[in-house]
Amino acid sequence: MAEKVVGKGIKRTEDPRLIQGLAHYVDDIKLPDTLHAVFVRSIYAHARIKKVDVAAAQKTPGVVAVYTGKDISQKIGPVPCGAAIPDMKQPDHRVMATDKVYWVGHPIAVVFAENKYVARDAADKIEVDYEELPVVLDEEKAADPKSPVIHEKIGSNIAYKLTAGEGDIEAALKAADKIVRQKIYHKRLAPIAMEGRGVLARYYPGEQELTLWTSTQIPHLARTQISLMLGFPENKLRLIAPEVGGGFGSKLNVYAEEAIMAYASMQLGRPVKWIEGRRENMQGTIHGRGQVGYIEIGCKKDGTITGFRYNVFADMGSYFQLLTPAIPTLTGLMLSGCYKIPAIQMNVTACFTNKMSTDAYRGAGRPEATYVIERAMDLVAAELGMDVVEVRRKNFPEPFGAENPFKVATGLFYDSGNYQGALDKALKMADYTNLRVEQKKARAAGRLIGVGVSTYVEICAMGPSPALPAGGWESATVRIEPTCKVTILTGASPHGQGQETSFSQIAADELGVTVNDCTVIHGDTAVVQYGIGTFGSRATAVGGTAVYLALQKLKAKATGMAAHMLGVDAKTVTFDDGKFTSGGKSVTIQEVALNAHLAKNLPADMEPGLSATTFFEPKNFTFPFGTHICVVEIDPETGEIQIQRYIAVDDCGKVINPLLVHGQIHGGIVQSLGQALFEEVVYDEQGQLISGSLMDYAVPKAAQVPWMELDRTETPSPVNPMGVKGVGEAGSIGATPAIVAAVVDALAHLGVRHLDMPIKPEHVWNILKKNKAGAA
Amino acid sequence: MIPANFDYITVKSLDEALSLLAKHKDDAKILAGGHSLLPAMKLRLMQPKVLIDIGKIKELSYIKEEGGQIHIGAMTTHFQIETSALLQKSCPLLPETATQLGDMQVRNKGTIGGSVAHADPAADWPAAVIAVGAEIVVIGPKGERAIKADDFFVDMLTTSLQPGDLVKEVRFAAPKGKTGQAYMKVRHPASGFAVVGIAVTLTVDGGKCSASGIGVTGVSSKPYRAKSVEAALKGSALDAKSLAAAASHASDGISDAISELYATGEYRKHLAEIYTRRALETAAGRAK
Amino acid sequence: MKIEGTEKINATRERVFDLLTDPAILQKCIPGCEQMEKIGDNQYSAKLSAGVGPVKGVFTATVSMQDLRRPDHYKLVVEGKGQPGFVKGSGELNFVDDGGLTQVQYSGDVNVGGLLASVGQRMIQGAANMMSGKFFANLENEAKSTDS
Ligand SMILES: Cc1cc2nc3c(=O)[nH]c(=O)nc-3n(C[C@H](O)[C@H](O)[C@H](O)COP(=O)(O)OP(=O)(O)OC[C@H]3O[C@@H](n4cnc5c(N)ncnc54)[C@H](O)[C@@H]3O)c2cc1C
């Protein structure tokens, strides 16, 4: 009997091609006669364009066309924003700058040439005359009525103001014994997908067919949007996301460059390609985070939280990209964390700044929420002299599930959870009690050891359609071919997550075939039915469920066919291990598959073929959770921070492949580590992006990553039949507060209660130095 | 990430390289491992018209000891230094430095000659070659000459190489007597280059420090010899107190300490002191 | 970015002031300055090939001198742009008598944009120091060689 594979950590079927360099990313796709595009981008953060002189570029041999913003920005529709907030002000975001530039990196002109070298040479010859304007960089100061204004038509830099939450916050804070306040920064981060963006466009005028290869997380949504931008029929636009080398949210978007390449290929009658460079990627691909906020948390003497308020300024950048204004609303949804908090309020002031747009970056608004509530819980613990674990436990709900979902004051019903379970397991792994004893001893000996605990919950499996801008369902088609090979078409196009493996595992178990018999096809809108995409930790919970449900339909049909072949009543047929059996007789699924296609022996009312499609609409989000514990040691002489131990217990519901789950957790923790200790997109006071290359912007490397001790609990979600929740973002949500808390804890005896990220050694050293001076 | 147009020439001998250099002058650049040059070209920060690839010149890749002198050919890779049995035995400072330089790919391609010629203010080799008192042997239109490492590094990305010159080798006297060495580095979290890098070699005679070499990189716009540290060590018993006292001079006279996003000049100087002390302690321990 | 410093030049204040406001001398002193043309009152356009070591860019710049108060003070404003980006600087120069020598006290702001800013931030301060060092060394030479 074939072994079941769901729940097994089998190796990823995608890896051999990736490891051997055999995968095909956009740049690996070569079409004859392709023109190569290079953009000229603004070197000022805010300026009026006086003149763009392209004459020399146009004359360069090998140059086929040069477009400026003036040439094309009215010929292509605006860069879309899919999110809407009541009374939101939306600037007209054209594909290139026309009169003004708004950030360093804003595209001004584009050159198309026979090869990229000529294109770049010509781009260097384009002269832009600028008249500098005062820059707006700080999201808090941007809201000041005296600030210079970026979008004159809007008249202020405020994109929107929004209040969210439930309960009487004033009363709740009044009822508190103590109120703790803290200003908290979430710096801008660059998603840094290993593969930058890239677009290849080809137009066949005869067939009137436009094909766009683009490195995206959302092939179908991007096709819809780009067809609207171009006024081109959606069913004639084929969008293909080939191998996509990571996205982290940065490719959950529709970018000007995609539409420009499509437009140019039609105008120029040749394929055109644009491949983003890393410096361009830093300047012109969305950034994540970018909030500065003020928290107020009220508590009783025993640690019970009475209310939580978060007043936040959110940095939008100069324009909206696809989901820019929506990100802070996700923060609002998750402010309750895993705690019973009777009243919650978030007041957002979202502001335009002369910087690249912010948008979804792994976690998208939820890391901000988890970070502020977790920091708040630590501050409460410090204020009350309680242990950080006890404060958390005090406010946990009892374990809950389908019968008693947990309602929080942000309006959500959490699907299922057992926060104590994950916490207890993590504490045991860490030997927490002993850790505290050791910490004390070490401190007495002059060593600085800190322990940080974060108990997080996140919202994922996005999500019910009414809650999302563009549909929250997902699609799957499963086909059994005549030779009984299984083809799975998913709308949840992966870009590193490993669905080719995990969806095959689901199908293999359901159909009694092997993983190798299955293939997962995705990313090509001409082949795959409409789908939503991979983001918001939704691929398995929503896309996987669609696959699962399509398989059930298929099995039902196959069972009917098998019953017919066996001459028995379908109700008597059992299916196990690839065999349909009834009363001692059986047919294999292979025989059924062949019969379905030869169609010589079908029940009268049955269509030939074996294929089923499902569009799955989830009824709720899912809410994975967990506990992360970080132990750091700080070098008392230099302030350098060393992570000694990292423990994570995550609960993402039912696990299809633990290896993939670990991979996601590892990656998420690493990105958290980057945010906590190294990463920061820095614009100087002129708005120049000075963390503009990987020489300065510190993405963690393998050698900087600690060993991670991982385990999990499994609390199935009642939202979908497999009970899966999602894990793509958990690490990047749960880990940041644990790491920061550990560093703060190591310095707690010096009166430190909070430090802003990234916590650089020099900053710690300054604290230690001051303390030493004070003590002396 | 798209370099400007250039011609590429591979040469098989030093003479060929020199004559091409003489011919193309400022338009030409030597290509060694390419791990500093190519990134700069891709950014178009450098746009040489001709690249002269010296990778195939066999006579430039060697590590040998002759008459008490150790010679390392310019084209010797970081990896070859890291794994050289000769150096591990006679001058372990260099393998230890190599171990901390870049990553495996960089160490496989990058060369010591390229590194010293490039003179990045945060590169590792300059500290080490200063510490061991090396000379950079240069060959040019007028023949060969040796320049003391201390004089070779002039400023940021600037050496005393003249147009038409090529680095031929790095050479130094093999450490004699009871010696202890150490390289310690604080890596920049993004680039991996040195925020500070301290190279130490100590010679002990009768329980006292008879000679020392301390090279510092990353702190200032050029690598330097920490002369006051060396002076303070001379004759000292290398006990904890004297090492700490000596290390406190690690950045004496440095007025232009590098400040960048990750670390200010003040912090760099502090790190220089702490890591000098630690490197001295390690080296002193090894000298026993 | 702030740059400031004090340099001592072996000449009187008047001489130093005159040297530092003479475009021909400035051209000789500014590292890499290939050309300097008058375009207005105390305003010049210049062509510079500037950089550190092998990393060089060609810049076209306007140089203007303002607030001239011989021999005490003037303000120097330089705006240059080229393929690697732009450099803008303005600095106050004060000339203080120091027993027959002249102290040139300078303090100013330099802003860098474009490629230079996005990849060069760890080296920009050093580059500025290097350029100003060269500038004053050249000036010292000029002061000597044109000693009257
Ligand atoms: C990702 C990465 C990480 C790195 N990390 C570090 C690090 O941690 N520490 C560190 O020190 N370095 C680091 N480096 C730089 C690396 O060590 C380079 O290899 C080295 O600096 C230059 O050596 P090269 O052989 O590659 O020289 P090239 O790049 O080929 O040349 C560099 C310059 O030197 C000139 N040149 C080369 N050889 C000669 C010669 N024989 N005579 C005259 N001129 C010559 C070239 O013309 C060029 O101007 C890193 C590089 C990369 C890409």
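The values are calculated or read from the model by the stated rules, or taken from the named source; none is laboratory data. Keep in mind it's a predicted model, so treat the numbers as computed, not measured. In this analysis, Cβ positions are derived from the backbone assuming ideal geometry, glycine residues included, and neighbour counts consider all displayed protein chains.
Answer with yes or no whether B:Pro126 is within 14 Å of chain C (Cβ to nearest Cβ), outside any strand (DSSP E or B) and buried (at least 24 other Cβ atoms within 10 Å of the Cβ). Yes, satisfied.
Selection of segment A:685-702 for residues being in a loop (DSSP other than H, G, I, E, B) and more than 7 Å from every other protein chain (Cβ to nearest Cβ) yields A:Glu685, A:Gly687, A:Val699, A:Pro700, A:Lys701.
Scanning segment B:1-33 for residues that are more than 14 Å from every other protein chain (Cβ to nearest Cβ) and near the ligand (Cβ under 8 Å from one of its atoms) yields a total of 1.
Examine segment B:42-57 for a residue that is away from every other protein chain (no Cβ under 14 Å) and away from the ligand (no atom under 12 Å from the Cβ), and state whether such a residue exists. Looking for residues that are away from every other protein chain (no Cβ under 14 Å) and away from the ligand (no atom under 12 Å from the Cβ), one finds at least one in segment B:42-57, hence yes.
Filtering B:Lys241, B:Lys178, B:Lys185 for residues that are of a type in the set (D, E, K, R), touching an Asp or Glu at 6+ places or on another chain (Cβ under 8 Å) and surrounded by fewer than 22 Cβ atoms within 10 Å (Cβ to Cβ) leaves a single hit, B:Lys178.
Just so you know, in segment B:176-198 the residues that are in contact with a strand residue (DSSP E or B) (Cβ under 6 Å, 6 or more places away or on another chain) and not in a strand (DSSP E or B) include one that is nearest to the ligand (Cβ to nearest atom), and it is B:His188.
Out of the residues in segment C:73-119 that are touching a helix residue (DSSP H, G or I) at 6+ places or on another chain (Cβ under 7 Å) and surrounded by fewer than 17 Cβ atoms within 10 Å (Cβ to Cβ), state the one that is nearest to the other protein chains (Cβ to nearest Cβ). Restricting to residues being touching a helix residue (DSSP H, G or I) at 6+ places or on another chain (Cβ under 7 Å) and surrounded by fewer than 17 Cβ atoms within 10 Å (Cβ to Cβ), the top hit is C:Gln83. Close Cβ contacts (under 7 Å, 6 or more residues apart or on different chains) running from residues in segment B:31-56 that are at pLDDT 95 or above to residues that are among the polar types (S, T, N, Q) and within 11 Å of the ligand (Cβ to nearest atom) comprise B:Ala32/B:Thr111; B:Gly33/B:Thr77; B:Gly33/B:Thr111. Scan segment A:603-636 for residues that are under 30 Å from A:Val453 (Cα atoms), in a loop (DSSP other than H, G, I, E, B) and of a type in the set (Asp, Glu) and the total you get is 1. Out of all the residues in segment B:77-85, is one or more more than 27 Å from C:Ala127 (Cα to Cα), within 13 Å of the ligand (Cβ to nearest atom), in a strand (DSSP E or B) and free of Cβ contacts under 8 Å to residues at least 60 places away in the same chain? Checked against the condition, which is being more than 27 Å from C:Ala127 (Cα to Cα), within 13 Å of the ligand (Cβ to nearest atom), in a strand (DSSP E or B) and free of Cβ contacts under 8 Å to residues at least 60 places away in the same chain, segment B:77-85 yields at least one hit.
Across segment A:509-552, the number of residues qualifying as of a type in the set (Ser, Thr, Tyr), surrounded by 22 or more Cβ atoms within 10 Å (Cβ to Cβ) and part of a loop (DSSP other than H, G, I, E, B) comes to 3. Of all residues in segment B:88-121, those satisfying the criterion of being within 7 Å of the ligand (Cβ to nearest atom), in a loop (DSSP other than H, G, I, E, B) and small (Gly, Ala, Ser) are B:Gly102, B:Gly110. Listed conditions (1) more than 14 Å from chain B (Cβ to nearest Cβ); (2) over 30 Å from the mean Cα position of the chain (by Cα) are all met by A:Val118, apart from (1). Among the numbered conditions (1) surrounded by fewer than 23 Cβ atoms within 10 Å (Cβ to Cβ); (2) β-branched (Val, Ile, Thr); (3) more than 25 Å from A:Tyr683 (Cβ to Cβ), the only one that A:Ile192 does not meet is (3). Across segment C:42-68, the number of residues qualifying as at pLDDT below 90 and surrounded by fewer than 15 Cβ atoms within 10 Å (Cβ to Cβ) comes to 1. If you filter segment B:133-163 down to residues that are closer than 22 Å to B:Ser19 by Cβ, more than 14 Å from chain C (Cβ to nearest Cβ) and not in a strand (DSSP E or B), you find that the one that is nearest to the ligand (Cβ to nearest atom) is B:Pro141.
Cβ separations smaller than 6 Å between residues 6+ apart or across chains give the following pairs from segment B:171-196 residues that are facing another protein chain (nearest Cβ under 9 Å) to residues that are charged (D, E, K, R): B:Ala190/A:Asp696.
Go through (1) within 11 Å of another protein chain (Cβ to nearest Cβ); (2) touching a Gly at 6+ places or on another chain (Cβ under 9 Å) for B:Lys227 and report which single condition fails. Condition not satisfied by B:Lys227: (1). Against the list (1) within 12 Å of the ligand (Cβ to nearest atom); (2) within 14 Å of chain C (Cβ to nearest Cβ), the condition B:Gly73 fails is (2). For segment B:59-70, enumerate the residues that are touching a Ser or Thr at 6+ places or on another chain (Cβ under 6 Å) and within 12 Å of the ligand (Cβ to nearest atom). Passing the criteria: only B:Ser61.
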